[in-house]
Structures are given as C-alpha cells and as structure tokens.
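Report on the structure given below.
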Amino acid sequence: MEKIVEKFELYGKEYRLETGELAKQATGAVVVGQGDTTVLVTAVISNEEKDYDFFPLTVDYIEKMYAVGRIPGGYLKREARPSEKGTLNARMIDRPIRPGFADGFKREVHVVATTLVADQVNPIDNICVMGASAALMIGDAPFDGPCACVRVGRNAETGDFICNPTYEEQEASDLDLVIAGTEDYISMIEAGADQISEEDMLAAMQFGQTAIGKFCEAQRRFLDRCTIEKREWPIHKADPCIEERVSKYAGAMAAALKDPDKQSRMQKVDELKARITEEQFSDDERAAWKGDIAAAEKALEKHAMRTMIIETGERADGRTSEEIRPLYIVPGYLPRVHGSGLFQRGQTQVLSICTLGMLNEWQRLDTIEPVDGKRYMHHYNFPPYCTGEAGRMGAPKRREVGHGALAERALKPVLPSEDDFPYAIRVVSEVLESNGSSSMASTCGSTLALMDAGVPISAPVSGIAMGLIKEGDDVVILSDIQGVEDFLGDMDFKVTGTEAGITALQMDNKARGLSVDILARALEQAKRGRHFILQAMLDTIAAPRPEVSKYAPRIETIHIPVDKIRDVIGSGGKVVRGIQEETGASIDIQEDGTIHIAAVDGEAGEAAKNIILGIVKEPEAGEEYEGEVVGIKDFGAFIKLTPAKDGLLHISRVANGRVGKVEDVLSLGDTVKVVVLEVDPKTGKISLDRLDKPDAAPSADNAPGRSERRERHEGSHDRKPRRSHGA
C-alpha cells in the first residue's frame, strides 16, 4: 500500500491519519496525530483460533521517553513497566473497541499504541482510540467501526464546551469527560468534574456524541482512500445441538440464581452446569466442545437472569430495580492510624485507611505527560480472598489501577488546597469482600477515612454503580449492581458525587443502542441512590473531625525571605539536618521560601519553628539577646545572636571599669546578655552593649595609685576626658 495521509481540522485543532509507510507487516497500522503529538497504533490478528469462552483481546500502550526528548532514569536507562497513566491509557483504548468485535470471533487480537512524539500541548490518550479503530478496519477485522474517542472540557468562566482541549485548556476547565463510541451508540465514558449537575453532564455527553460522529466521518474519508484487502475471518459457530440440550435447564437455572448469598448462589450455578455437562454430553463431546459447552451454559445463566428481571422485575437477591443493599458503616474503625472507615454494602466490604504526611512525600511521576506529581494518592487492593478464592498476589493489575484512579478522581475536587491543608494524603482501600461495586464502596469508605483523619474536605462524596438490562425495546436500569448483574448485564455505570453535583463517572457498555436518553435515566436514578447512601454515611460522621489525629504530624507553615533559604539549609544541608536532629521535627523547604514544619509532638514543631525564625531574623536596635561568645579579638568579643548573625561587644563594654584584655573578663563559650546598640545600614555590622556588666578586676593598669596620678596629670593639662570608642 502506498503512503496515504489524511489531514483534517475539527473544532479548531489539526489532526492527521497516515498509513502505508510504517509497520507494514502488521495486520493494520496507522499513525495518528493531534498537533505534533504522534502515536503509531498497530493491530495484529493471529492465524489460530482459540478455544476460549471469551474474546482474547490485548491492548498495550507504550510510553517512550524519547517522545519528550528525555533519557529514562534508573540504572538500565530504558523504559520498564508501564506507568500508572500508561496502564490507564491502555484500558481507555481497550474498553471502547472490545464491544465492536463480532460475537464468535476467537482469534487473538493485539493492539499496540507506541508514542512517537508528545508535544506537551495536546494529550495523547484519546486519539489512540481513533488510531486503533482505523488500524483494525484497514486489516478488515470483523469490527463494528469506525469508532472514535473525544475528550470534552468546559471553560469554567464561559460555560462553553471544548473538544479535545490542550493541557492548558484543561487547567481552566471544571470538566474532564472522555467519551467513546460510534456514530450510533456510546461504548465508554470516563469523567472527572468539579461537582457539576446531571443536566450539564448530559449536555456534555450530547456534545461529545456529536463530536464522535464527526471524527468517524473523517476516519471514513481516510479509509475510503486506503486499499483494504478483503479477508474472510472465521466466525466460530457452535453446533446448534449444544444450545438445544443446554436450554432444557432454563427453569433449573432460574431457580439456582434466586439466592441472595453470593457463594451459595455460585455453588448452585456451578453444580447445575456440571450436571448439564455430565447429563447431556459424552466424554468425546466434552473433549471436542469444551469451550462451546461452557459458553452455552454461560449464555443460559445470562438469559435466565435477564428474563427474571425483565419479566418479573425481581433480581437474584430479591431486590427491586432501585433498592440499595443493606449498609454497614463505621468511621474510625482502626486505632492509631490517622483515619479509617469501614463501608459495607451487601456482600461488598471495603476498609479504607488515610495517612497524612509532609508535602515532600508527594508522588513524583516520571511520564511523558507534563505532570510532575500529585499530593493525593488513592490505592485500591483486590486480594483473591475477597471473592473466596486462592490465588497469587503481586503487583496491582490493570483493574486495580483503574478502580483506584476512579476513586481518586471522585474525591479530588473536594480536597482542601495545599495552602489550607499542607499535607500529602494517601488513602488505601482494602477490598475485604466483593460482590459488585467495590470501587464505589472504596469511594464511600475513603470519604469516611478522610473525614475521620480531620481532612477538611469541602463536601462528602458517595458513589453507586448502575446496571442495565436491555432486550429489544425493554430497558431496566438497576441501582447498586452486584457481581452477577455486572457480569451478565449490559452496562456498568459508576457515578460519584456530592449533594451539589457529580465528581466522577465511569461507564462500560456491552449493548449496542445505548443512547444519551438511557444515560439520562440512569443518572437521575443514580442521584437518588447516591443521596440515600450519603445520608447513611452522615448519620455516622456528620463532618470532618475538628483536628487531625494525635498520631498524625502537625504541620505548621511559615514563610521566609528567599535570600535566607541558604542560611536555613546550611552548607550541604548541615543546618537543617541539625535542626531536625535536635528537635525531631521534619522540615520541608520550598524554593519560594515556604517552609513546612511537621511533628507529632507540638513542642518539637514549635522548637524547630523558633530556631528557623531565629536564623532568618534581622536584629534591631534595642533588642536584647542572650548569646554565646564565639570569638575574641584584641578589640572585643563576638557574640552569637542568631545562628546566622553575630554582633561585636567592644572591649570598653565588657565590664565596668577599664579592661586590659578581653580574656580577663570573657572566655570562648561563655553566655552573656547583650542589647543591640546599632545596626550599620550599609554593612549590616551589629554593635552590642553588655547588660549586667561585672566590675573589672584590679590589675597593674588600673591600680588605685596609678589611677589617681593619671587623673592629676590629665587635669594639670586641662585635657578633656577621653571618649570611649564605641563598636
């Protein structure tokens, strides 16, 4: 194929699609760009069909540091495992394209997005979906495309929507909505918002759906110019007799599903499936049709659950469509930690723990995007035991990273600013039991933990997961979905927010035909559910604790002149380390002269603050000090007033009477009380006088006889008394 380039402009921004020059051995390869940001997206379809009861799609997003002209850090100097943002970007590509593949397609599909240029102006993530769609369609994959993904921002001042905003435009936006789909339906939504209303969110979705259509049109123009080799990809079809034999057990499956206890229900369903396999299929058939039998039994379970809801309105656990599972809420569940909250909804249980630290404990991010780091971190853990399974534990999986990011996004809008609350904040949500909606339980539990920790959030946040059962024109929206409804339903729509509005959304859709009207109904139903859950939370803790835990560090912020930072740090950090060792406080010094002092013991923090203020203070005339003698010269002694300032106590002022040598009165290390006489405005030199002067000891120079003769001699010449020399 010759090189084909399609350039187009939409909503004031330049885009391009290219193919035919790079990665020509891939099934399909497209270079996609916005501005100078450039990504190569490849799609490869294997030649072998897999006997799986799921679609084997893998998506990788590869961050290359050369894209921003940087060499990777670390010893190896090459890119290692994906960053958290890279993992989220891979999920963002996977989720919109997965529903578009034909049912029964069982060949492995591998999509790889490799960043070539990141211009630090235009985001990289959402244009990768358009690249993946075009690559799949160039490979003539059995894919319902084209599809596209757009980011929708909103100017907080004017209220105007922005399509695919730049990083700078995002800074002035109160909305970050990522929406993907085709010209006909929506397949994925991700959103973070500053408590915006359901009506405004729906308007943004409608704007995004229109924009998706325009990007799909541009993609079609590009594809029409490409020479696409037609391929006959085999679509697996099971032997019709398999479904025929399995469908006989529809009544038994419906009965097995009607059990509110997850483990009991799963056991009944598994036993029924084993019975079907044993009773209906021979050993040879089981060996030959293993995947098809499993898929048919799964389809039976799905049909029974959906039929029950559509025809009777009853769910597997006996609830109505809007009913919330029983709640159990305990703020302050753990002792000594800075804050904690246990949130349980039905058989989903999450324990969230909040830890407060210095701002210098923020998370530094080494990515190709113009983000240095973050002070609020939310981590979500999903161990095997939470679903009653045995398994290996290791690094967080993509799902855990995604759920943690969702809960983080949900709470970020209500957090206090660094100026009002100068802490780094980490919340860890431990999923202890799971039967659906664990990410929303994490959001609720984390709100409890933050409030228990005394974090002055502007408003509490609750969350709920909504589901959808759609059969033809029959649509049922489910509140607070459990695992089986997520697994066998058409939609997983998570909504978080305060009483004032929405803070985050996440939606994955399996059903074609999901419209904005259905989403509007789901948002309104979710609002009622969020309110119910939030009121139950507030019944246990009405507001954030008035103070942070006694086990958390107290952080006090002071500001010093920028030219004094060096004095506080000292050579090689000697001074600041000494202050920390002496007081036990932790000290964080910013480039603008802001200093954060943290200590669990209030006296330690106060001591560190006083030392720092003493270092930067400029002595003034009339101020009194008690300082150490740090130097002795013939003409006087140097007294340390502050760690960075010394003053001169002239020899004439160290004692009452004449002093022959300073050492006769003072020694190094002595402590004396002095008062500042003068500060030279040009040189900054400080002259001191001693308070409570002792009398000078008699010596050969000040013996009484000699003193009297000197006075008579001076008087005989009418000399004026000598004026003492001030410092």
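The values are calculated or read from the model by the stated rules, or taken from the named source; none is laboratory data. All of these numbers come straight from a predicted model, not from anything done at the bench. Every residue, glycine among them, receives a Cβ derived from its backbone with ideal geometry; neighbour counts consider all protein chains shown.
Of the listed requirements (1) aliphatic (A, V, I, L, M); (2) modelled with pLDDT of 90 or more; (3) surrounded by fewer than 20 Cβ atoms within 10 Å (Cβ to Cβ), Ala522 misses just one: (3).
No other residue among Met188, Met137 is farther than 30 Å from Arg70 by Cβ, among the hydrophobic types (A, V, I, L, M, F, W, C) and modelled with pLDDT of 95 or more apart from Met137.
If you check Val575, Val516, Val562 for being touching a Pro at 6+ places or on another chain (Cβ under 9 Å) and not basic (Lys, Arg), only one passes: Val575. Conditions: (1) crowded, with 18+ Cβ neighbours inside 10 Å; (2) within 30 Å of Gly388 (Cα to Cα); (3) hydrophobic (A, V, I, L, M, F, W, C). Ala250 meets all but one. Number of the miss? Ala250 satisfies every listed condition except (1). Being part of a helix (DSSP H, G or I) and under 29 Å from Glu433 (Cβ atoms) is a description that applies to Ala255.
Scanning segment 314-331 for residues that are more than 15 Å from Ser462 (Cα to Cα) and touching a strand residue (DSSP E or B) at 6+ places or on another chain (Cβ under 6 Å) gives Ser321, Glu322.
Residue check: Glu408 meets all listed conditions (1) at pLDDT 95 or above; (2) of a type in the set (D, E, K, R); (3) surrounded by fewer than 18 Cβ atoms within 10 Å (Cβ to Cβ) but one, namely (3). If you check Glu389, Glu369, Glu322 for being without any contact (Cβ under 8 Å) to a residue 60 or more places away in the chain and either farther than 19 Å from Asp539 by Cα or outside any loop (DSSP other than H, G, I, E, B) (or both), only one passes: Glu389. Among the residues of segment 491-503, none qualifies, meaning not one is touching a Cys at 6+ places or on another chain (Cβ under 8 Å) and more than 30 Å from Glu311 (Cβ to Cβ). Just so you know, in segment 55-87 the residues that are of a type in the set (A, V, I, L, M) and farther than 30 Å from Trp233 by Cβ include one that is surrounded by the most Cβ atoms within 10 Å (Cβ to Cβ), and it is Ala67.
Would you check if Thr443 is crowded, with 21+ Cβ neighbours inside 10 Å, touching a strand residue (DSSP E or B) at 6+ places or on another chain (Cβ under 8 Å), farther than 19 Å from Ile481 by Cβ and modelled with pLDDT of 95 or more? Here the answer is no, as Thr443 does not meet what is asked. Of the residues Glu400, Glu389, which single one is over 14 Å from the mean Cα position of the chain (by Cα) and acidic (Asp, Glu)? Glu389 is the lone residue from the list that is over 14 Å from the mean Cα position of the chain (by Cα) and acidic (Asp, Glu). Would it be correct to say that Asp292 is assigned to a helix (DSSP H, G or I) and in contact (Cβ under 8 Å) with a residue 40 or more places away in the chain? So Asp292 fits the description; yes. Counting only residues that are at pLDDT below 90 and not in a loop (DSSP other than H, G, I, E, B), segment 630-645 holds 3 of them. Set side by side, the residues Arg265, Arg275 differ, and just one is on the phi < 0 side of the Ramachandran plot, in a helix (DSSP H, G or I), among the basic types (Lys, Arg) and surrounded by 13 or more Cβ atoms within 10 Å (Cβ to Cβ), which is Arg265. Does Glu628 fit the bill of being within 23 Å of Val576 (Cα to Cα) and either among the polar types (S, T, N, Q) or touching a residue at least 60 places away in the same chain (Cβ under 8 Å) (or both)? Against the criterion (within 23 Å of Val576 (Cα to Cα) and either among the polar types (S, T, N, Q) or touching a residue at least 60 places away in the same chain (Cβ under 8 Å) (or both)), Glu628 does not qualify.
Residue under question is Glu620, and the condition is that it be out of contact with any helix residue (DSSP H, G or I) (no Cβ under 9 Å at 6 or more places or on another chain), surrounded by fewer than 14 Cβ atoms within 10 Å (Cβ to Cβ) and in a strand (DSSP E or B); does it hold? When the stated conditions are applied, Glu620 does not pass them.
For the residues Glu198, Glu190, Glu171, Glu183, the requirement of being acidic (Asp, Glu), buried (at least 16 other Cβ atoms within 10 Å of the Cβ) and within 19 Å of the chain's Cα centre (by Cα) singles out Glu190. Within segment 296-316, residues that are at positive phi and in contact (Cβ under 8 Å) with a residue 60 or more places away in the chain reach partners that are outside any helix (DSSP H, G or I) and surrounded by fewer than 22 Cβ atoms within 10 Å (Cβ to Cβ) with beta carbons closer than 7 Å, at six or more positions or on different chains, in the pairs Gly313/Thr320; Gly313/Ser321.
Within segment 632-657, the only residue that satisfies the criterion of being within 10 Å of Ala696 (Cα to Cα) and surrounded by 21 or more Cβ atoms within 10 Å (Cβ to Cβ) is Val654.
I'm checking my understanding of the structure. Among residues of segment 598-614 that are aliphatic (A, V, I, L, M) and within 21 Å of Lys645 (Cβ to Cβ), which one is surrounded by the fewest Cβ atoms within 10 Å (Cβ to Cβ)? Here the residue is Leu613. One residue stands out in segment 295-317 among those that are in a helix (DSSP H, G or I) and among the basic types (Lys, Arg): the one that is farthest from Phe105 (Cα to Cα), namely Arg306. Checked against the criterion of being modelled with pLDDT under 90, surrounded by 13 or more Cβ atoms within 10 Å (Cβ to Cβ) and in the same structural domain as Val630 (by TED's automatic domain parsing), the candidates Gly684, Gly660 yield just one match: Gly660. Where strands (runs of 3 or more DSSP E) fall entirely within segment 27-109, those with at least 3 residues that are within 28 Å of the chain's Cα centre (by Cα), in the same structural domain as Ala180 (by TED's automatic domain parsing) and of a type outside the set (Val, Ile, Thr) are at 57-62.
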